[in-house]
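Heads up: the structure comes next, in structure tokens.
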Amino acid sequence: MPDTITITDDRTGKTVTVPIEGGVFPSSALRELDPSLYCYDPAYLSTASCKSAITFLDGDAGILRYGGYPIEQLAENSTYLEVAYLLLNGELPNKVELDTWVANVTNHTFIHENMRKRFVDGFHYNAHPMGMFISAVAALGTFYDGSKDIHDPAQRERQILRLIAKAPTLAAMAYRFSVGLPFNYPNNDLSYPANFINMMWKVGDYEVDPRLERAMEVLFILHADHEQNCGTTAMRVIGSSHADPYSSAAGAAAALYGPLHGGANEAVVRMLGEIGSIENVPAFVDSVKAGEGRLMGFGHRVYKNYDPRARIIKQAAYDVFEVTGKNPLLDIALALEETALSDPYFIDRKLYPNVDFYSGLIYQAMGFPVEMFTVLFAIPRMSGWLAHWQELLNDPAQKISRPRQWYSGPDERNYVDIANR
Ligand code: CMC
């Protein structure tokens, strides 16, 4: 069977045959038929906007790999900073490379005092931490002369280091401000996740529990990248205009903020709270089947199988609960999962738990308020966004993003004076 596709324009009888590679064919074939012919593909359901070597995702089989490495192996053996290096460089670092990379990131954890004293102090006392995070990421770029030198590889690398290193600092700063606590400076003797936990919670004597540190590491690894999702696509679209990486990352974070994307874990926790007890689970599932709402944390645009990240997070939840005590919502979540996975409604539609089903329970048990959940997603996703931004800038096939539209407005008409409208 030939690996080609032949398209015929029935209006003219013209045909064009193009290769199919990895299940993809170049839509530029259409322009060969007729330069004014376009595909209509709202939400990019069947459009690949780029070639990417960073993350592989097979939604039917429930497979996720960074640089070819299965997510399960990375979650078991790696660290977030090692994974960030892998995403950015395509290979795992050797010992020297890893030590240098970790030292360089650690060097950049502090932020300019004006960010804390003047910029952050300007927010309203009850500002949402995610709104603060998004604007702080954009503002950060104004502190660095080189931030706009995106074609200089050395400058690019420096901004990447800064954004990855400072993301936890900005996140913790937003949280501490929102609850009126003094800011904790980074402690560069700690690992990346331990430093974040320390900046979040340290009041007086405080030591980071290594089990929580590892759980945070695993959560950071699982959230580091997920190929062309809404936030990453926003990063690429903004980056394609050659905006600086701070502005692009702020835009990506803004896309992540929405409840259909990074905000679903918050909705899961609220839903479990509303269900209230295991006895209410069957009635709740019936109401979902009757179309009265969705089972939050279930279903995915790409995964039509168990989200591999959900399986790992479920295990991590038990590790965290050993330290924090069990989140009382866990039993409801388990009963809900069991009921749904044995119900033909969910089986037929291939609806399985996604990454958000259990992550909120961990965050809540660790003491994070629900407003911080999306910020917790944004910290590690920074490395994924930057890896895609870098790949975009190095890809000669990429140009400024500029989709076409299918115009559906009125035809030409004459201006009508306001008195006659
Ligand atoms: N509960 C009940 N029914 C559902 C659900 C759900 N969570 N998700 C999908 N369905 C049904 C839907 O009603 C439809 O049924 P029918 O064919 O009878 O009309 C069918 O399944 C297909 O749904 P869809 O809306 O066409 O699927 P989609 O790919 O457009 O939506 C989704 C994907 C994630 C938005 C959706 O599954 C959903 O709303 N899930 C709940 C929210 C959630 O957990 N979001 C986190 C996504 S993972 C994190 C991230 O990527 O940011």
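The values are calculated or read from the model by the stated rules, or taken from the named source; none is laboratory data. Treat the numbers as computed from the prediction; the structure is a model and nothing was measured. Neighbour counts are summed over all protein chains in view; Cβ atoms, including those assigned to glycine, are modelled from backbone coordinates with ideal geometry. For the accessible areas, the whole protein counts, side chains as well, though only heavy atoms, and no ligand, DNA or RNA atoms are used. Shrake-Rupley method; radii C 1.70, N 1.55, O 1.52, S 1.80 Å.
The number of Lys pairs in the chain with C-alpha atoms less than 14 Å apart, excluding pairs fewer than 8 positions apart on the same chain, is 4. A Cα-only calculation for the stretch 264-365 places Rg and Dmax at 12.8, 39 Å.
About its Cα centre, the chain has a charge dipole of approximately 900 debye under the convention of +1 per Lys or Arg Cβ and -1 per Asp or Glu Cβ, with nothing else charged. Taking K and R as +1 and D and E as -1, what net charge do the other residues with C-beta under 9 Å from the C-beta of THR55 add up to? Neighbour charge sum, excluding THR55 itself: -1. In units of the rule-of-thumb radius 2.2 N^0.38 Å, the stretch 4-58 shows an alpha carbon radius of gyration of 1.30. The residues of the stretch 264-365 expose on average 45 square angstrom of accessible surface per residue, using a 1.4 Å probe on protein heavy atoms. The accessible area of HIS242, taken with all protein chains in place and a 1.4 Å probe, comes to roughly 100 Å².
Highest mobility in the GNM of the chain, judged by mean-square fluctuation with C-alpha springs under 10 Å and restricted to LYS289, LYS117, LYS14, is found for LYS14. Residue ranking by accessible heavy-atom surface, 1.4 Å probe, largest first, among MET1, MET296, MET132 comes out as MET1, MET296, MET132. By its C-alpha gyration tensor, with a ≥ b ≥ c as the square roots of the eigenvalues, how is the stretch 136-282 shaped: rounded for a/c under 1.5, else prolate for a/b larger than b/c, else oblate? Oblate. Proximity of backbone amide H atoms, modeled 1.01 Å from N, is registered between ILE63 and ASP58 at under 5 Å, excluding neighbours fewer than 5 places apart on the same chain.
Within 13 Å, Cβ to Cβ, of LYS289, how many net charges do the neighbouring residues add up to if Lys/Arg are +1 and Asp/Glu are -1? Counting the neighbours of LYS289, the net charge comes to -2.
With all protein chains in place and ligands, DNA and RNA left out, the 1.4 Å accessible area ranks HIS261, HIS226 as HIS261, HIS226, largest first. Antiparallel beta bridges, as assigned by DSSP with both residues in the chain, represent about 100 percent of the total such bridges.
GNM remark for the chain: springs join alpha carbons under 10 Å apart, and the peak mean-square fluctuation among SER36, SER277, SER383 falls on SER36. What do you get for Rg/Rh of the stretch 314-421 when both radii come from the Cα atoms and Rh is the Kirkwood radius? Ratio of gyration radius to Kirkwood radius: 1.26. Given 20 °C and 1.002 mPa s, compute D for the stretch 72-119 with the Stokes-Einstein relation, Rh being the Kirkwood radius over Cα pairs; round to the nearest whole µm²/s. My calculation gives 173 µm²/s for D.
Comparing GLU82, GLU72, GLU292 in a Gaussian network model of the chain (Cα springs below 10 Å), the most mobile by mean-square fluctuation is GLU292. Net charge within 15 Å of ASP9 by Cβ-Cβ distance, Lys/Arg positive one each and Asp/Glu negative one each, not counting ASP9 itself? Here the charged neighbours net out to 0. Proximity of backbone amide H atoms, modeled 1.01 Å from N, is registered between PHE110 and no other residue at under 5 Å, excluding neighbours fewer than 5 places apart on the same chain.
Extending 7 Å from Cα along the Cβ direction at ASP60 and again at ASP205 yields two label points whose distance is 5.9 nm. Each helix, a run of at least 4 DSSP H residues, gives -39500 (n - 2.57); summed and divided by the residues of the chain, these come to -15500 deg cm²/dmol at 222 nm.
All Cα-Cα separations within the chain were binned at 20 Å from zero, giving a P(r) of 24, 52, 22, 2, each value a whole percent of the pairs.
Leaving out ligands, DNA and RNA, what percent of the accessible area of the chain is carbon and sulfur, probe 1.4 Å? The nonpolar share, carbon plus sulfur, comes to 52 percent.
A full extension of the chain between ASP189 and VAL96 corresponds to an added length of 31.6 nm, given 0.36 nm per residue minus the alpha carbon distance.
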